[in-house]
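*Asks:* Before I ask anything, let me first share the structure, which is written out below as structure tokens.
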Amino acid sequence: MDLRNTCTINLSDGDPEQKRSDILDYFHATFDLDEKLYETLRSEEAFHLRADRLRHPLIFYFGHTATFYINKLIIAKVIDTRINPGFESMFAVGVDEMSWDDLNETHYDWPTSQQVKEYRDQVRTMIDGLIKTLPLTLPITWESPFWGIMMGIEHQHIHLETSSVLIRQLPINQVQQLPLWKICTDAGEPPANRLMNVPGGPVTLGKAKDHPLYGWDNEYGVHSATVQSYKAAEYLTSNREFLEFVEDGGYFEPKWWTEEGWQWREFKQAEFPLFWIRTDNSWKLRTMASEIELPWNWPVEVNYLEAKAFCNWKASRTGLPIRLPSEDEWHRLRDICAIPDQPEWDKAPGNINLYWWASSCPVDRFKSGTFYDVIGNVWQWTETPIYPFHGFEIHPWYDDFSTPTFDTRHNLIKGGSWISTGNESTKDARYAFRRHFFQHAGFRYVESAAPLVIHSDQYESDALSAQYCDSHYGPEHFGVANFPATCAAICLELMQGRAMGHALDLGCALGRSSFELARGGFEQVTGLDFSTRFFRLAARMQEEGYLRYALPEEGEVVSFHEISLAELGLDTTRNRVQFFQGDACNLPEKFSGYDLVLAANLIDRLYSPRKFLSTIHERINPGGLLVLTSPYTWLEEYTKKEEWLGGYRKAGEPAWSLDGLKAVLQDTFEMLGEPRDVPFVIRETRRKFQHTVAELTVWRLK
């Protein structure tokens with residue numbers, strides 16, 4: 001396999017033994033390319049210098065890509081023996097700094113590059129043997145041992161690129177230019193950039209599980225959108241075009257920068273792009289291993305914060321709504337340019353996959369449709385913080401690949417660069433970095449007044465909210481039926497032969513009972529909860545049909561889950577459900593006219609349960625039902641003791657809550673039947689659960 005054209009592999013079709021051979025070739029080509037990258041370092045010292053003080057020295061990454069295979073294959077239970085436990089701990093986790101000023105001063109006793117090379121040789125031999133001997137059936141799926149091997153290979157391709165960025169930041173005397181990493185020699189003035197029409201239309205993103213190419217977990221699922229027409233720059237922003245911003249004092253004018261951007265600029269004291277070198281009377285450019293005269297017609301390489309500042313400056317100068325594209329807009333541009341996906345290339349349709357050079361090249365070299373560099377040359381920053389597609393699932397062997405980035409602080413880069421190989425240069429690739437991060441990345445600006453959609457649906461990590469997500473929509477525990485669904489089922493049974501117009505689910509929490517009541521035949525259901533966080537999540541479920549949450553497993557370890565109305569058969573009736581935030585003890589007048597009021601596990605969390613119970617009849621239609629459940633867990637932090645309906649002693653005798661209910665409700669309601677027990681389970685961690693039994697009573701308005 002050509003080291004300068006390592007394409008990812010179709011994992012679905014063909015002869016299994018030929019596929020084994022293809023994977024073996026891909027593995028060794030990737031391993032060779034990874035090692036040859038480090039041959040650009042001149043000395044042992046270069047391995048141990050910190051090119052970026054927010055990142056490990058390169059010796060870490062030299063070891064990391066090898067230990068990754070061992071650590072992931074042990075998790076996958078493909079192997080059960082380690083090669084070097086010390087290395088496999090030391091080199092296990094990289095640094096994704098939490099902010100640009102979060103410096104990591106931890107000292108590491110790093111081994112020598114020769115020691116790491118000997119370890120890498122051992123890993124290489126082991127993986128070679130596994131590829132040759134493991135059973136292989138097609139298609140290769142998430143559960144296949146070969147998926148774990150492909151995970152290691154594609155992980156090496158990621159670090160081939162990120163390590164090249166660090167090498168580019170080493171002192172020039174620590175690196176050497178080698179023939180394998182030849183750079184483009186074409187330089188000159190760029191053509192004038194211009195904005196060109198991109199017709200609007202639909203985009204559909206996300207892979208199906210049976211997609212033939214390897215993918216990281218964030219690539220799977222479905223996202224559909226309609227992109228409005230917009231204009232996009234014909235070329236990527238060149239060094240010459242960006243120089244106007246520099247010479248106009250753009251790095252010294254706070255008004256062009258976001259707050260985050262200006263804080264970074266002040267911290268770094270940046271005056272121009274990182275890879276530019278200012279001399280007495282000219283500019284130079286630092287490539288990976290050389291310093292050359294700055295090619296004005298190559299794309300500028302900046303972080304998101306700089307790209308955003310340029311766009312703000314450009315918008316002010318032109319009076320046009322200039323900004324960076326969204327992920328959807330980038331895909332729309334790619335779609336209209338009809339660019340084939342790797343590995344279907346006869347030759348790379350852009351400066352990508354190391355097919356042409358080990359550097360950028362002029363912005364007018366590779367044309368697709370009427371635009372240039374839609375893919376390749378440099379990555380393109382977008383306005384879109386990475387988020388999970390609907391249906392996203394975490395791969396259990398690499399559960400922290402994507403989810404830590406779903407924090408609205410990591411923006412997507414699209415299109416790949418000259419060194420984007422393997423999965424990185426595929427259409428569906430989704431990589432995101434913190435906005436101050438440097439990559440071989442630049443940008444294409446667009447003109448659009450369309451509002452940006454920022455998907456801020458992070459995983460719900462608040463402990464109580466996550467518990468309720470699980471208890472309302474998650475699996476049963478210990479054979480105990482879902483509590484809100486059970487309550488709704490009992491209500492629907494009670495309503496047989498009665499009018500089923502409007503129901504009120506008081507203390508609805510995350511709304512499962514509300515949706516169940518709508519499915520059961522109520523024309524309209526209102527869910528109401530006092531808790532902002534519960535109301536917010538219930539409303540989101542109604543609007544979007546799904547929620548995501550992180551459940552504690554053990555200590556700091558969490559698992560990530562997605563729940564949806566569709567999976568529960570509740571999606572078709574959500575238009576009959578609405579949610580509000582409100583106080584059950586002080587309801588607005590509009591909450592009236594109900595045939596059923598369900599107040600599940602509410603009364604022992606009210607500040608005035610007596611007021612609620614003595615006024616709720618005003619909200620119910622004649623003959624309507626009030627259904628109450630409660631474990632009667634009276635606590636003074638929620639309810640003053642004088643408001644308790646029971647759970648205390650009166651004249652030395654126990655006062656029970658059921659008697660208290662009867663006393664408050666007897667004038668306006670009659671009790672139907674006997675109380676019944678309804679158990680429920682709330683999961684706290686994988687080994688800790690709350691098992692509670694609520695008492696359910698039914699009351700008919702007289």
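Where a number appears in this text, it was derived from the coordinates with a stated rule and is not lab data. As the structure is a computational prediction, the values presented were derived from the model and not from experiment. Glycine gets a Cβ as well: all are built from the backbone with ideal geometry, and neighbour counts include every protein chain shown.
*Asks:* For the ranges 414-422, 249-257, 541-549, what's the packing order if you count other beta-carbon atoms within 10 Å of each residue, average per peptide, and put the highest first?
*Replies:* Values: 414-422: 28.6, 249-257: 15.9, 541-549: 19.1.
Packing proxy ranking, top to bottom: 414-422, 541-549, 249-257.
*Asks:* Tell me whether region 393-433 comes out rounded, prolate or oblate; compute the Cα gyration tensor, take square roots of the eigenvalues as a ≥ b ≥ c, and use a/c under 1.5 as the rounded threshold.
*Replies:* oblate
*Asks:* Which of His157, Pro212, Val374 sits closest to the plus end of the dipole of the chain, meaning its Cα is farthest towards the positive end, when Lys and Arg get +1 and Asp and Glu get -1 on the C-beta?
*Replies:* Val374
*Asks:* Rank-order 362-369, 582-589 by packing density, defined as the average count of other C-beta atoms within 10 Å over each peptide's residues, highest first. Please list the in-between numbers first.
*Replies:* On the way: 362-369: 19.8, 582-589: 15.1.
Top to bottom by mean Cβ count within 10 Å: 362-369, 582-589.
*Asks:* Would you tally the net charge around His691, using a Cβ to Cβ cut-off of less than 14 Å, leaving His691 out, and scoring K and R as +1, D and E as -1? Don't skip to the answer; put the middle values down first.
*Replies:* Values: positive: Arg683, Arg687, Lys688; negative: Glu476, Asp677, Glu684.
Taking every other residue near His691 into account, the sum is 0.
*Asks:* Next question. Would you tally the net charge around Glu636, using a Cβ to Cβ cut-off of less than 14 Å, leaving Glu636 out, and scoring K and R as +1, D and E as -1? Show your work: numbers first, answer last.
*Replies:* Numbers: positive: Arg605, Lys640, Lys641; negative: Asp604, Glu637, Glu642, Glu643.
Net local charge, Glu636 excluded: -1.
*Asks:* Same structure, new question: Just order 275-288, 185-198 by mean Cβ neighbour count inside 10 Å, highest at the front, would you? Working shown, then result.
*Replies:* On the way: 275-288: 15.6, 185-198: 14.0.
Ranked by mean Cβ neighbours within 10 Å, highest first: 275-288, 185-198.
*Asks:* Expressed in nm to one decimal, what extension gain is obtained for the pair Lys182 and Ile74 from 0.36 nm per residue of sequence separation less their Cα-Cα distance? Intermediate results must be reported in sequence, preceding the final value.
*Replies:* Numbers: separation 108, 0.36 × 108 = 38.88 nm, distance 3.81 nm.
Once the chain is fully extended between Lys182 and Ile74, it gains 35.1 nm.
*Asks:* Listing Val78, Val374 from the residue with the fewest other Cβ atoms within 10 Å to the one with the most, what is the order?
*Replies:* Exposure proxy ranking, most exposed first: Val78, Val374.
*Asks:* Compute for region 263-318: radius of gyration divided by Kirkwood radius, i.e. Rg/Rh, restricted to C-alpha atoms, rounded to two decimals.
*Replies:* Working: Rg = 12.9 Å, Rh = 12.8 Å.
Radius of gyration relative to Kirkwood radius: 1.01.
*Asks:* Looking at region 7-61, which trypsin sites (Lys or Arg not before Pro) are in a loop (DSSP not H, G, I, E or B) and have at most 11 other Cβ atoms within 10 Å? Kindly include the intermediate steps, with their values, before the conclusion.
*Replies:* Values: sites: Lys19, Arg20, Lys36, Arg42, Arg50, Arg53, Arg55; in loops: Arg42, Arg50, Arg53, Arg55.
Qualifying residues, ordered by number: Arg53.
*Asks:* Less than 25 Å apart at the alpha-carbon level, and either on another chain or at least 8 residues along: which lysines does that give for Lys611?
*Replies:* Those lysines meeting the cut-off are Lys590, Lys640, Lys641, Lys650, Lys662, Lys702.
*Asks:* Out of all DSSP beta bridges with both ends in the chain, state the antiparallel percent to the nearest 5. Present the calculation step by step, with values, prior to reporting the outcome.
*Replies:* Details: 63 of 87 bridges.
Of the beta bridges lying entirely in the chain, close to 70 percent run antiparallel.
*Asks:* Going by Cβ distance under 4.7 Å, what cysteines of the chain have no possible disulfide partner?
*Replies:* Cys7, Cys311, Cys337, Cys469, Cys487, Cys491, Cys508, Cys585
*Asks:* Shifting gears a bit: Return the long-range amide H neighbours of Phe689 (sequence gap of 5 or more, or a different chain), with a cut-off of under 5 Å between placed amide H atoms.
*Replies:* Hits under the 5 Å cutoff: Glu684.
*Asks:* From the phi of every residue in region 424-438, what ³J(HN,Hα) in whole Hz does the Karplus formula 6.51 cos²θ - 1.76 cosθ + 1.60 yield, where θ is phi - 60° and glycine or proline is x?
*Replies:* 4, 9, 8, 4, 8, 4, 9, 10, 9, 9, 4, 5, 8, 6, 9
*Asks:* Given R₀ = 60 Å, FRET efficiency for Leu24-Asp667 by Cβ-Cβ distance, to 0.05?
*Replies:* Once the sixth-power term is evaluated, E becomes 0.15.
*Asks:* Okay, next question. Pop a pseudo-label 7 angstrom from the Cα along the beta-carbon direction at both Glu189 and Arg536 and give the gap in nm to one decimal.
*Replies:* Here the modelled spin labels are 5.4 nm apart.
*Asks:* Quick one: net charge of Phe515's neighbours, Cβ under 10 Å, K/R +1, D/E -1?
*Replies:* Working: positive: Arg512, Arg519, Arg574, Arg576; negative: Asp505, Glu516, Asp571.
Taking every Cβ under 10 Å from that of Phe515, the sum is +1.
*Asks:* Is region 3-179 rounded, prolate or oblate when judged by the Cα gyration tensor, a ≥ b ≥ c being the square roots of its eigenvalues, rounded requiring a/c under 1.5 and prolate requiring a/b larger than b/c?
*Replies:* prolate
*Asks:* Using the Karplus curve 6.51 cos²θ - 1.76 cosθ + 1.60 with θ = phi - 60°, what ³J(HN,Hα) values do you get for each residue of region 288-304, in whole Hz, with x for Gly and Pro?
*Replies:* Karplus-based 3J(HN,Hα) across region 288-304 equals 4, 9, 9, 10, 10, 4, 4, x, 5, 9, 8, x, 5, 10, 9, 8, 4 Hz.
*Asks:* Using modelled backbone amide H atoms (1.01 Å from N, in-plane), which distant-in-sequence or interchain residues come within less than 5 Å of Ser238's amide H?
*Replies:* Val300
*Asks:* I'm checking a number: the convex hull volume of the Cα atoms of region 185-321, normalised per residue, in Å³. What is it?
*Replies:* 194
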